[in-house]
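Novice: Below you will find the structure I want to go over with you.
The values are calculated or read from the model by the stated rules, or taken from the named source; none is laboratory data. Quick caveat: nothing in here was measured; it's all calculated off a predicted structure. A quick note on method: Cβ atoms are made from the backbone with ideal geometry, for glycine too, and the neighbour counts reach across all protein chains shown.
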């Protein structure tokens, strides 16, 4: 049991760092873009952010298959090493092309972390702790987001953006070295081809499943919305409509992540131990996200009001995490990483599309960076569609009947 706790803790620490990487360009991309002499900073931030997500989305299925066949100890270590390599390439990038390559390497490699966590949960933890374990990992991700939104900005201002990004690369190198020592998930090379072929043959069944389609749509919309807000829009909304500076707006935006962090263990406890259900929480999340979209068309009357609104928005988005066990639980644990990896394409595809399209679709006029009414309307419509998909396509996975 001690080794299980240590192994899970190590993967959670790794997720803290890769999540900081994930959202970093939304907050320190300005500094890096100016250092590289980029003319359109908003376009640079969007492209640099989306490069991570396109690579992360592309990595999901191969990562899931390789984790299920080689194990976390082997492939998880390789993914972390690739993430560190991409992090150093980003930190010392001489031009925009190298930034994009570095971000893509970080995205592809870091896919092994969260998909690996899902395999670890399926192999070593009971279902009654499934959502709770996911919540612990997501809280670590939320802390990583907060680190990127304020401490990383402060480090970039004090030491320079390249030193700050090099620190992130160093931090991910530590779990890369420790994973083979603490995580014993090693199916081994022997029998690799047979296991690989069996898992690959099962992918079409996962892809055709009606439940998979519903969770896929839900995760595409919910996570795409969260990352659009967290990485691009919320900070700029405070700067444009409340007149805050970049450091103050970045610090205040952390309340969105804090709201999610507070809400996730509450949702997981209620799902695992009280209601013994998943689906109602996911449905409610999309309703909340559609309802709070109008916040983006208003100017906060005060900093305190903005703080309360941002915390409430994060709290309302917390139920999105229930889609994670819902994606994995219907399938045998031997293919947990593959099943989750297939569905987990959707949130990062959603994040990549929304962030790369944002400078073209949502670009503002005058002093506004974004067209906030159009952003709000789009978020509301997308979440109404996602709520309908959850209601009509997904099934309850908490009980025994959820597993196929």
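Novice: From the residues in region 224-244 that are more than 25 Å from the chain's Cα centre (by Cα) and not in a loop (DSSP other than H, G, I, E, B), which one is surrounded by the fewest Cβ atoms within 10 Å (Cβ to Cβ)?
Specialist: Step one: list which residues in region 224-244 are more than 25 Å from the chain's Cα centre (by Cα), which gives 240-244.
Imposing the further condition that a residue be not in a loop (DSSP other than H, G, I, E, B) reduces the set to 240-241.
Numbers: 240: 19, 241: 17.
In this case the residue turns out to be 241.
Novice: Check whether at least one residue in region 280-287 is surrounded by fewer than 17 Cβ atoms within 10 Å (Cβ to Cβ), in contact (Cβ under 8 Å) with a residue 12 or more places away in the chain and not in a helix (DSSP H, G or I), and report yes or no.
Specialist: no
Novice: Within region 245-259, can you find the residues that are surrounded by 17 or more Cβ atoms within 10 Å (Cβ to Cβ) and touching a residue at least 40 places away in the same chain (Cβ under 8 Å)? Spell out how you get there, then give the answer.
Specialist: Filtering region 245-259 for residues surrounded by 17 or more Cβ atoms within 10 Å (Cβ to Cβ) gives 249-259.
Within region 245-259, 250, 251, 252, 253, 254, 255, 256, 257, 258, 259 meet the criteria.
Novice: OK, next. Residues that are closer than 26 Å to residue 251 by Cα, under 20 Å from the mean Cα position of the chain (by Cα) and part of a helix (DSSP H, G or I): does region 63-77 have at least one?
Specialist: Applying the first criterion (closer than 26 Å to residue 251 by Cα) to region 63-77 yields none.
No, the conditions are met nowhere in region 63-77.
Novice: Taking residue 305, is it without any contact (Cβ under 8 Å) to a residue 12 or more places away in the chain and assigned to a helix (DSSP H, G or I)?
Specialist: When the stated conditions are applied, residue 305 passes them.
Novice: Can you find a residue in region 28-49 that is part of a helix (DSSP H, G or I), touching a residue at least 40 places away in the same chain (Cβ under 8 Å) and under 14 Å from the mean Cα position of the chain (by Cα)?
Specialist: Let us first name the residues in region 28-49 that are part of a helix (DSSP H, G or I), namely 28-35, 41-49.
Subset that is touching a residue at least 40 places away in the same chain (Cβ under 8 Å): 28, 30-32, 35, 42-49.
Within this subset, residues satisfying the condition of being under 14 Å from the mean Cα position of the chain (by Cα) are 49.
Yes, region 28-49 has at least one match.
Novice: Contact list please: Cβ distance under 8 Å, first residue in region 350-361 and in contact (Cβ under 8 Å) with a residue 40 or more places away in the chain, second residue surrounded by fewer than 19 Cβ atoms within 10 Å (Cβ to Cβ), pairs at least six apart or on different chains.
Specialist: 359/40; 359/43
Novice: Now a separate question. Kindly indicate which of 365, 336, 380 is surrounded by fewer than 24 Cβ atoms within 10 Å (Cβ to Cβ), modelled with pLDDT under 85 and in a helix (DSSP H, G or I). Reasoning before the result, please.
Specialist: Values: 365 fails: in a helix (DSSP H, G or I); 380 fails: modelled with pLDDT under 85.
Answer to the check: 336.
Novice: If you don't mind, there's one more thing I want to ask. Does residue 68 fit the bill of being in contact with a helix residue (DSSP H, G or I) (Cβ under 6 Å, 6 or more places away or on another chain) and within 30 Å of residue 6 (Cβ to Cβ)? Explain how you work it out, then say what you get.
Specialist: Numbers: in contact with a helix residue (DSSP H, G or I) (Cβ under 6 Å, 6 or more places away or on another chain): yes; within 30 Å of residue 6 (Cβ to Cβ): yes.
Here the answer is yes, as residue 68 does meet what is asked.
Novice: Listed residues 221, 174; which is surrounded by fewer than 17 Cβ atoms within 10 Å (Cβ to Cβ) and either modelled with pLDDT under 85 or assigned to a helix (DSSP H, G or I) (or both)? Quick ask: steps written out before the conclusion?
Specialist: On the way: 221 fails: surrounded by fewer than 17 Cβ atoms within 10 Å (Cβ to Cβ).
Sole residue among the options that is surrounded by fewer than 17 Cβ atoms within 10 Å (Cβ to Cβ) and either modelled with pLDDT under 85 or assigned to a helix (DSSP H, G or I) (or both): 174.
Novice: Also, I was wondering about something else. Filter region 86-100 down to the residues that are within 20 Å of residue 167 (Cβ to Cβ) and not in a loop (DSSP other than H, G, I, E, B) and list them by number. Show your work before the answer.
Specialist: Taking region 86-100 first, the residues within 20 Å of residue 167 (Cβ to Cβ) are 86-94, 98-99.
Listed by number, the residues that qualify are 86, 87, 88, 89, 90, 91, 98, 99.
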